[in-house]
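The values are calculated or read from the model by the stated rules, or taken from the named source; none is laboratory data. Keep in mind it's a predicted model, so treat the numbers as computed, not measured. Because the Cβ atoms are built from the backbone with ideal geometry, glycine has one as well, and the counts that use them run over all protein chains shown.
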Amino acid sequence: MIFANGALLPDSERKAVLKGLEAQLNAVRRFPPLETETVIAAVDALGRRLAAGEFAPLLSRFLPAGVTLDELLPLLRREAIEAKLSAELGPDPFSPRASDKTTAHVLPLGVLFHIAPGNMPGLPVYTALEGLLTGNINLVKLPHGDKGLSLAAFRLLTEQEPRLAPYLYAFDLPSGQRTDMETLAALADGLVAWGGDGAIQAARTLAGPGCKLIEWGHRLSFAYVSGYKDEEAELSALASHVIETGQRLCSSCQVIFLDSEDWEAGAAFCREFLPHLERAAKRPGVGAGAAASLSGHTALLERIVDGRTEGEVLFRGKGCSVILRPDRELELSPMEGNVLVKLLPQRELLSALRRQKGRLQTAGLICAPEQREALAGLLAQAGVTRVTRAGSMSASFPGEAHDGEYPLRRYVRVVDIEK
């Protein structure tokens, strides 16, 4: 299916839509600029209807079992959207600003081609909303496995506010459809690429010299434990985060680093943390057990075959595991409740984390209150872009940056007009 002109169309219409798309986009460019208030009012109204449960039957058709949009719903409220605009673009960002000789106008980049992520339901819609807030026309390549959620959301949004229809197109398009991908990229002023190294590299080959490449690549996140008080609450919150996210998000904890060089202390931590993981995995609706076991066994077999298990210790639980490894590298875990633990004293923190420069995102910090400011500063110097409590690693906060940048600034341009 595709979404064009406010309507859902069969994929058989794709070639015809693409053929006439440039003319339609140029016609929209002649419209008066899309007003931010139009977008805010529509998103806020739709968000309230979602929060009230009006679309619960629809969501049940498209969302995986046990998955909700709870993290995204607060971001669809007027207050959060206005705070985001103010934080990222300043107050009243689209008003002309005059100097002695020129007037500066903040305008949309133009057409954004979003190669959307599939690691969390709702993100294809969210990236398109960022484009709408900055007045851009949005062409969205839906991820494999979207299962119609984004198409349904775009239809609901344009029914809520028909003036948004000319600014939204979506294509359930396999990445292998190179010709159609190139057609969409050629129409874009900016290519917004989400995904891993392969997806980002492919996007770089699509974006021509006249197209701005805006990359949101995969990131790695971790917890850092340097002495802690109220350990039961802190470790329980971290375990819940690991299980609930399945470690599939860029902000999910992959490795728990301990501020220690004592191997026995590392083993003691693993024995202490495992029951917290098991309790989190047993909670109703989590459904992690089988996936966790399969993921853990598969990762273990791969490491045995590659001869990479020397020195590591596996603490196996019910539906989860903790793996103590002797190296100090930040890496992707086996996921699905199988978390890595490594020793990383503070004096080696910078050198170890800098080996993943450009890939660092969230650090969930567990430490004594008097240490927090200094440790947060050290983690920031290493290159992380978020420091949170361990249980809040994947929480969204109104007005926060994305991977150390404000996205809306990347989706606009400044035009200076001489008086």
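Taken over segment 115-139, residues that are within 22 Å of D197 (Cα to Cα), touching a residue at least 60 places away in the same chain (Cβ under 8 Å) and part of a loop (DSSP other than H, G, I, E, B) amount to 4.
Among the listed residues A202, A185, A239, which satisfies the condition of being part of a helix (DSSP H, G or I), within 30 Å of R325 (Cα to Cα) and of a type in the set (A, V, I, L, M, F, W, C)? One residue alone meets the criteria, A239. In this structure, does L76 turn out to be hydrophobic (A, V, I, L, M, F, W, C) and modelled with pLDDT of 90 or more? For L76, the condition - hydrophobic (A, V, I, L, M, F, W, C) and modelled with pLDDT of 90 or more - is not met. Scanning segment 357-374 for residues that are in contact with a helix residue (DSSP H, G or I) (Cβ under 8 Å, 6 or more places away or on another chain) and buried (at least 21 other Cβ atoms within 10 Å of the Cβ) yields L360, A363, G364, L365, I366.
Residue-by-condition table, conditions (1) touching a residue at least 12 places away in the same chain (Cβ under 8 Å); (2) more than 24 Å from the chain's Cα centre (by Cα):
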| residue | (1), (2) |
| --- | --- |
| F315 | yes, yes |
| G319 | yes, yes |
| K342 | yes, yes |
| L350 | yes, yes |
| Q356 | yes, no |
| R359 | yes, no |
| P369 | yes, yes |
| R372 | no, yes |
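Exactly one residue out of R354, R413 is surrounded by fewer than 18 Cβ atoms within 10 Å (Cβ to Cβ), at negative phi and not assigned by TED's automatic domain parsing to the domain that holds V225: that is R413. Annotation: of all residues in segment 377-410 being in contact (Cβ under 8 Å) with a residue 12 or more places away in the chain and of a type in the set (D, E), the one that is surrounded by the most Cβ atoms within 10 Å (Cβ to Cβ) is D403.
Of the strands (runs of 3 or more DSSP E) lying entirely inside segment 1-114, the ones with 1 or more residues being buried (at least 18 other Cβ atoms within 10 Å of the Cβ) are found at 2-4, 102-108.
Residue by residue, here is whether (1) touching an Asp or Glu at 6+ places or on another chain (Cβ under 7 Å); (2) assigned by TED's automatic domain parsing to the domain that holds R271; (3) at positive phi holds:
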residue	(1), (2), (3)
P334	no, yes, no
N338	no, yes, no
P345	yes, yes, no
L349	no, yes, no
G364	no, yes, no
E373	no, yes, no
P407	yes, no, no
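Across segment 198-248, the qualifying residues are those that are aromatic (F, W, Y) and either assigned by TED's automatic domain parsing to the domain that holds T127 or surrounded by 21 or more Cβ atoms within 10 Å (Cβ to Cβ) (or both), and the one among them that is farthest from M335 (Cα to Cα) is W216.
Suppose the filter is touching a Gly at 6+ places or on another chain (Cβ under 9 Å), surrounded by fewer than 19 Cβ atoms within 10 Å (Cβ to Cβ), closer than 18 Å to L72 by Cα and among the small types (G, A, S); does G145 pass it? No.
Out of all the residues in segment 144-182, which are acidic (D, E) and in a helix (DSSP H, G or I)? Residues satisfying the conditions are E159, D180, E182.
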